[in-house]
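*Asks:* Got a structure for you, questions after.
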Amino acid sequence: MDEFNRILEQTLAEFIAPTTAAYAMAAIGLNLHFGYTGLLNMGQAGFMLLGAYGFGIATMAGLPFPVAILVALAAGTVFALILGMPTLQLRGDYLAIVTISAAEIIRWIGRSTWLQEWTGGASGLQGRDYKDSFHATSPLGDGRMALGPLEYINTGSDSWWTRIFAWGLVALVLLFVWLITRSPWGRVLKGIREDEDAVRALGKNVYAYKMQALVLGGAIGALGGVLYALPLAIAPDAMSRTMTFFVWTVMLLGGAATVFGPVLGSMVFFAAYMLMRTGMRAVADNTGIGDVITTSNVEQIGGMLVGVTLMLLVIFRPQGILGNKRELAFNAH
Amino acid sequence: MPTDESITTTPESVADTAAAAAVAPVTTHHQQVLAKLATVDHVPGAAKPDAIITADHVTRRFGGMTAVDVDHLEVQEGAITALIGPNGAGKTTFFNLLTGFDRPNQGSWTFQGRSLSGKSAAAVAKIGVVRTFQLTKALSRLTVLQNMLLASTHNPGENLWLSWLPFTWQKHEKAATEKAMEILARFKLDTKASDFAGSLSGGQRKLLEMARALMTDPTVIMLDEPMAGVNPALVQSLLGHIQALRDEGMTVLFVEHDMHAVRHISDWVVVMAEGRIVAEGPPASVMRDQAVVDAYLGAHHDTDLGDDSLLDPKILARLEAEEEKR
Ligand SMILES: Nc1ncnc2c1ncn2[C@@H]1O[C@H](COP(=O)(O)OP(=O)(O)O)[C@@H](O)[C@H]1O
Ligand SMILES: [Mg+2]
């Protein structure tokens, strides 16, 4: 029974975990790309990693916390411009190929020895190198606080302040994205998603709109990278293809082109992922199945099941949790 | 609107037109257009009194095949010009070139005297030349009304910097919605305003695409097979709409296979075959042209196509007389 409660607690904790917020943020950005505009960004982890580096390195260079955040946003913006300029005039698949390779390039540069002084090479940047200025922004002071079964320190890496800040930023960005996507600007994006030639024929500069969506979603992705780095460290190998794949799952699970989809998707995804892994571990430890599914296999099986979930989702409920079924009827054209 | 001083008709043809006007139920604008076209030679590439679009030496090759090879074409302002020709004649490709959706191997074209060649599709539309597509491009997961509003021009809310401040664009949006509903009502789509465009029938999508193009207040509207797939009951009113656009002063260039429709509404017909313009003239005389019958109608030519009942006999007689003068 104790074990059962522990599993539930860990699952519950995932709903408000900073990492959940980080993925929600990255998925909000990806939703602008794919959900609203139809852009295939297969390298959102590259934007996140670049955002994390931008934030971490700027902080280490002595810049104040808000400025370091702006540096992260600028890094995402520049990356989007560089990727978008040659590809957004071409067919959609080109962007997919370019983003997937560019994200890998960022990671390889990050873990190489040339910029080791700044990026920490393969081992990355330690949290203590860049977190002080963030912790200094906390109004909560020292001590611990419990809310129901959830108990964390007030200020620090895995703290209430990290959670409040991360979710506060997600709420702010969500409000902004909600406002812009329900506007005529958002309508142009949706038009481009449906058929960009039709939008061109109405006199709209499709390239400029696609670029705006790519930059905005990329900058939001970079912000997601900052949120990801705040409770952890900046490790290039932790922010790679698997991360992109999880962000896609989160976005599609919640429902592409819905406002709350990315947030709900992230919460449901990480809670279910935690429940699955802790549950499997408990089963492996306590039953005969342990001979087949050993504790050390749980991570691999978990990752595999995420893949299966993504496939089932795309096949059987492509509109996600919040998507509109009626709208979906015209998906296939 | 064409101006009077640009009319270069002979005294006889003016008198002819006046006589025709006395019996034909046409508007003043239409009369003027017909009078001007009456002076035009019935030859490919003929000069027009008020050419709004002029194309020169436009060539487009796909591999070894020449899809478009238009030496010279002028489109009369304020008229309904039909572009006809067998499948694969290059009509759609020519439309794509004129509207910036494709790039030619060579050639140039102008709109109102300004060069359009090399301009992007969006720039062409902004200048006032708006087209529809043979394969309809209804934006499926937008509602019918959203399709229309998307076409509204100069919408401040389409600027990212203003988009999150609804008070900056709500007024424009409201006016655009009223205008959209008016146009939709004309096309009998107003009851579908909140349906997804993807739920419309093929014919309704054609109508929506045309209605959407009209939202931009174009100077020239280019329709690629606007009647294809449209419910026959609606075709008649669609033809009426196109005529009304002409009577409001809009220039219409359309591709169509339905010869009845072409005869019924066009003021001028341009015939393409194998990429070239092979004939030009008023509908009645063009359809009697042996080159056209050979190139276009071929074995499918039936006497029905020669039915003159849709045209005023007096105008027809005049056109025939002119044909004989050549
Ligand atoms: N993108 C393309 N690539 C290769 N051939 C094309 C392309 N577009 C059109 N064509 C060819 O050009 C010719 C003219 O086509 P099109 O302009 O569609 O004719 P129409 O509209 O008069 O029926 C056809 O033979 C067609 O197969
Ligand atoms: Mg065609």
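The values are calculated or read from the model by the stated rules, or taken from the named source; none is laboratory data. Fair warning: this is a prediction, and the values are worked out from it, not measured in the lab. Ideal geometry is used to build each Cβ from the backbone, glycine not excepted, and the neighbour counts take in all protein chains shown.
*Asks:* Looking only at region B:116-137, count every residue that is within 15 Å of residue A:191 (Cα to Cα) and more than 8 Å from chain A (Cβ to nearest Cβ) and tell me the total.
*Replies:* Within region B:116-137, residues that are within 15 Å of residue A:191 (Cα to Cα) and more than 8 Å from chain A (Cβ to nearest Cβ) number 1.
*Asks:* Hey, among the residues in region A:149-198 that are at pLDDT 95 or above and of a type in the set (Gly, Ala, Ser), which one's farthest from residue A:226 (Cα to Cα)?
*Replies:* A:198
*Asks:* For residues that are part of a helix (DSSP H, G or I) and away from ligand 2 (no atom under 12 Å from the Cβ), tally how many sit in region B:58-104.
*Replies:* Of the residues in that region, 2 qualify.
*Asks:* Just one of B:114, B:186, B:205 is within 30 Å of residue B:70 (Cα to Cα) and basic (Lys, Arg); which is it?
*Replies:* Every option except B:114 fails the conditions.
*Asks:* Quick check: is even one residue across region B:124-136 among the small types (Gly, Ala, Ser), more than 16 Å from ligand 1 (Cβ to nearest atom) and either in contact (Cβ under 8 Å) with a residue 60 or more places away in the chain or more than 20 Å from residue B:269 (Cβ to Cβ) (or both)?
*Replies:* yes
*Asks:* Taking residue B:222, is it within 14 Å of chain A (Cβ to nearest Cβ) and within 16 Å of ligand 2 (Cβ to nearest atom)?
*Replies:* Taking the combined requirement at face value, the residue satisfies it.
*Asks:* Now a separate question. Can you name the residue in region B:42-53 that is touching an Asp or Glu at 6+ places or on another chain (Cβ under 8 Å) and outside any strand (DSSP E or B) and is also farthest from ligand 1 (Cβ to nearest atom) among such residues?
*Replies:* It comes out as B:50.
Every residue, every condition in (1) in contact with a Lys or Arg (Cβ under 8 Å, 6 or more places away or on another chain); (2) farther than 30 Å from residue A:2 by Cα, yes or no:
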{"position": "A:80", "(1), (2)": "no, yes"}
{"position": "A:84", "(1), (2)": "yes, yes"}
{"position": "A:101", "(1), (2)": "no, yes"}
{"position": "A:105", "(1), (2)": "no, yes"}
{"position": "A:121", "(1), (2)": "yes, yes"}
{"position": "A:131", "(1), (2)": "no, yes"}
{"position": "A:152", "(1), (2)": "yes, no"}
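*Asks:* Next question, about the same structure. Does region B:187-236 hold any residues that are among the charged types (D, E, K, R), in contact (Cβ under 8 Å) with a residue 12 or more places away in the chain and more than 16 Å from residue B:261 (Cα to Cα), and which are they?
*Replies:* Correct list: B:188, B:192, B:195, B:205, B:209, B:212, B:217.
*Asks:* Okay, next question. For region B:86-108, name all the residues that are surrounded by fewer than 22 Cβ atoms within 10 Å (Cβ to Cβ) and hydrophobic (A, V, I, L, M, F, W, C).
*Replies:* Passing the criteria: only B:101.
*Asks:* Tell me the residue from B:145, B:149 that is at the interface with another protein chain (Cβ under 8 Å from one of its Cβ atoms), more than 16 Å from ligand 1 (Cβ to nearest atom), crowded, with 19+ Cβ neighbours inside 10 Å and under 25 Å from the mean Cα position of the chain (by Cα), please.
*Replies:* Sole residue among the options that is at the interface with another protein chain (Cβ under 8 Å from one of its Cβ atoms), more than 16 Å from ligand 1 (Cβ to nearest atom), crowded, with 19+ Cβ neighbours inside 10 Å and under 25 Å from the mean Cα position of the chain (by Cα): B:149.
*Asks:* If you scan region B:228-249, which residues turn out to be at pLDDT 90 or above and assigned to a loop (DSSP other than H, G, I, E, B)?
*Replies:* Matches in region B:228-249: B:248, B:249.
*Asks:* Among the residues of region A:169-192, is there at least one that is free of Cβ contacts under 8 Å to residues at least 12 places away in the same chain and away from every other protein chain (no Cβ under 14 Å)?
*Replies:* Yes, region A:169-192 contains at least one residue that is free of Cβ contacts under 8 Å to residues at least 12 places away in the same chain and away from every other protein chain (no Cβ under 14 Å).
*Asks:* Of the residues that sit in region B:54-81 and are in contact with a Phe, Trp or Tyr (Cβ under 6 Å, 6 or more places away or on another chain) and closer than 23 Å to residue B:135 by Cβ, which one is nearest to ligand 1 (Cβ to nearest atom)?
*Replies:* Residue satisfying both the conditions and the ranking: B:68.
*Asks:* Still on this structure: If you go through region B:200-207 one residue at a time, do you hit one that is within 14 Å of chain A (Cβ to nearest Cβ), surrounded by 18 or more Cβ atoms within 10 Å (Cβ to Cβ) and within 16 Å of ligand 1 (Cβ to nearest atom)?
*Replies:* yes
*Asks:* Anything in region B:157-169 that is in contact (Cβ under 8 Å) with a residue 12 or more places away in the chain and at the interface with chain A (Cβ under 8 Å from one of its Cβ atoms)? List them, or say none.
*Replies:* Selection gives B:157, B:169.
*Asks:* Can you pull out the residues in region B:120-175 that are of a type in the set (D, E, K, R) and over 24 Å from residue A:178 (Cβ atoms)?
*Replies:* B:126, B:131, B:137, listed by residue number.
*Asks:* Within region A:227-239, work out how many residues are surrounded by 21 or more Cβ atoms within 10 Å (Cβ to Cβ) and either charged (D, E, K, R) or under 16 Å from residue A:44 (Cα atoms) (or both).
*Replies:* Residues that pass the stated criteria total 6.
*Asks:* Taking the criterion of being under 18 Å from residue B:219 (Cα atoms), more than 9 Å from chain A (Cβ to nearest Cβ), in contact with a helix residue (DSSP H, G or I) (Cβ under 7 Å, 6 or more places away or on another chain) and in contact (Cβ under 8 Å) with a residue 60 or more places away in the chain, would at least one residue in region B:170-183 satisfy it?
*Replies:* Within region B:170-183 (the criterion being under 18 Å from residue B:219 (Cα atoms), more than 9 Å from chain A (Cβ to nearest Cβ), in contact with a helix residue (DSSP H, G or I) (Cβ under 7 Å, 6 or more places away or on another chain) and in contact (Cβ under 8 Å) with a residue 60 or more places away in the chain), the answer is no, since none of the residues qualifies.
*Asks:* Report every pair of residues separated by at least 6 positions or lying on different chains whose Cβ atoms are under 9 Å apart, first residue within region B:88-104 and within 11 Å of another protein chain (Cβ to nearest Cβ) and under 17 Å from residue B:126 (Cβ atoms), second near ligand 1 (Cβ under 8 Å from one of its atoms) and not basic (Lys, Arg).
*Replies:* Pairs that qualify, where the first residue is within 11 Å of another protein chain (Cβ to nearest Cβ) and under 17 Å from residue B:126 (Cβ atoms) and the partner is near ligand 1 (Cβ under 8 Å from one of its atoms) and not basic (Lys, Arg), are B:101/B:95.
*Asks:* Here's a follow-up. Determine which member of the set A:167, A:178, A:185 is of a type outside the set (S, T, N, Q), surrounded by fewer than 22 Cβ atoms within 10 Å (Cβ to Cβ) and in contact with a helix residue (DSSP H, G or I) (Cβ under 6 Å, 6 or more places away or on another chain).
*Replies:* A:167
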